[in-house]
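The values are calculated or read from the model by the stated rules, or taken from the named source; none is laboratory data. Remember, it's a predicted structure, so these values are computed and weren't measured experimentally. Backbone-built Cβ (ideal geometry, glycine too); neighbour counts: all protein chains shown.
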Ligand SMILES: [Zn+2]
């Protein structure tokens with residue numbers, strides 16, 4: 001691996017203290033997926049930069065690659081801190097949910113330009129949304145689609161039937177009632193409509209007008225967890 005300097009922007013998803021004065025910072029970047037860098041606080045204290053290294057900040061980072069998973073950060077500049085997200089606990093929770101699913105699913109070194117653009121778009125839109133958790137659910141489904149783990153609109157894997165009235169999923173595979181698996185999750189017509197809308201809608205005002213009940217959100221979480229398990233196998 002080369003020691004040349006790399007420059008990328010990214011969103012900080014995690015900061016953990018390391019040694020006496022340093023931090024290991026995980027950043028989700030468009031060019032290199034999730035990267036971890038060691039950030040030397042001491043070096044940057046004078047410049048008053050340490051406050052920048054908080055989760056949910058968008059930064060530009062200069063780092064040198066080296067053997068191993070953790071890179072050396074030589075410079076970090078803040079682009080924005082999303083102050084509007086910090087005005088309401090609900091906004092913050094939805095934003096953290098998105099960062100968490102990125103951390104769970106994305107790989108180091110795997111480019112994710114589209115997903116990064118989507119995350120940035122949602123982080124900016126959350127404070128304008130009536131139902132921030134709708135955006136969080138939508139982000140989970142769009143991520144499954146982005147990673148090729150699930151396809152929308154949902155069709156039966158066996159016969160190709162467009163699943164409008166009833167569907168069964170096992171892991172992230174979808175089936176009609178004729179081909180249903182033994183232990184599949186069942187989805188009714190209204191839920192299917194929501195799943196397809198959340199995964200496919202591009203228009204923010206249409207998307208953000210969807211009100212989800214908690215039960216459906218929890219089922220989407222379960223679907224997502226199954227998809228991520230699959231990716232890890
Ligand atoms: Zn079928």
From the list 106, 128, pick out the single residue that is farther than 30 Å from residue 36 by Cα and touching a residue at least 60 places away in the same chain (Cβ under 8 Å). 128
Between a residue in the stretch 139-162 that is free of Cβ contacts under 8 Å to residues at least 24 places away in the same chain and any residue that is part of a loop (DSSP other than H, G, I, E, B) and away from the ligand (no atom under 11 Å from the Cβ), which pairs come within a Cβ distance under 7 Å, given they are 6 or more apart or on different chains? 162/153
Of all residues in the stretch 191-224 being over 15 Å from residue 139 (Cα atoms) and modelled with pLDDT of 95 or more, the one that is surrounded by the fewest Cβ atoms within 10 Å (Cβ to Cβ): 193
Tell me which residues, restricted to the stretch 174-189, are at pLDDT 95 or above and more than 15 Å from the ligand (Cβ to nearest atom). 188, 189
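Being in the same structural domain as residue 222 (by TED's automatic domain parsing) and on the phi < 0 side of the Ramachandran plot narrows it down to one residue among 115, 135; which is it? Walk me through how you get there before you give the answer.
Numbers: 115 fails: in the same structural domain as residue 222 (by TED's automatic domain parsing).
Checking each option against the conditions leaves just 135.
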If a residue must be in contact with a strand residue (DSSP E or B) (Cβ under 8 Å, 6 or more places away or on another chain) and exposed (fewer than 15 other Cβ atoms within 10 Å of the Cβ), how many such residues does the stretch 75-99 contain? 3
Filtered residues of the stretch 145-161 (kept if loosely packed, with under 15 Cβ neighbours inside 10 Å and more than 17 Å from residue 198 (Cβ to Cβ)): 148, 158, 159, 160
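State whether one or more residues within the stretch 154-168 are within 16 Å of the ligand (Cβ to nearest atom), in contact with a helix residue (DSSP H, G or I) (Cβ under 8 Å, 6 or more places away or on another chain) and within 18 Å of residue 212 (Cβ to Cβ). Walk me through how you get there before you give the answer.
Just the residues of the stretch 154-168 that are within 16 Å of the ligand (Cβ to nearest atom), to begin with: 154-168.
Filter again for in contact with a helix residue (DSSP H, G or I) (Cβ under 8 Å, 6 or more places away or on another chain), leaving 154, 163-167.
Going one step further and asking which of them are within 18 Å of residue 212 (Cβ to Cβ), we end up with 154, 167.
Yes.
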Would you point out which residue out of 114, 106 is surrounded by 15 or more Cβ atoms within 10 Å (Cβ to Cβ), under 14 Å from the mean Cα position of the chain (by Cα) and under 14 Å from residue 10 (Cα atoms)? 106
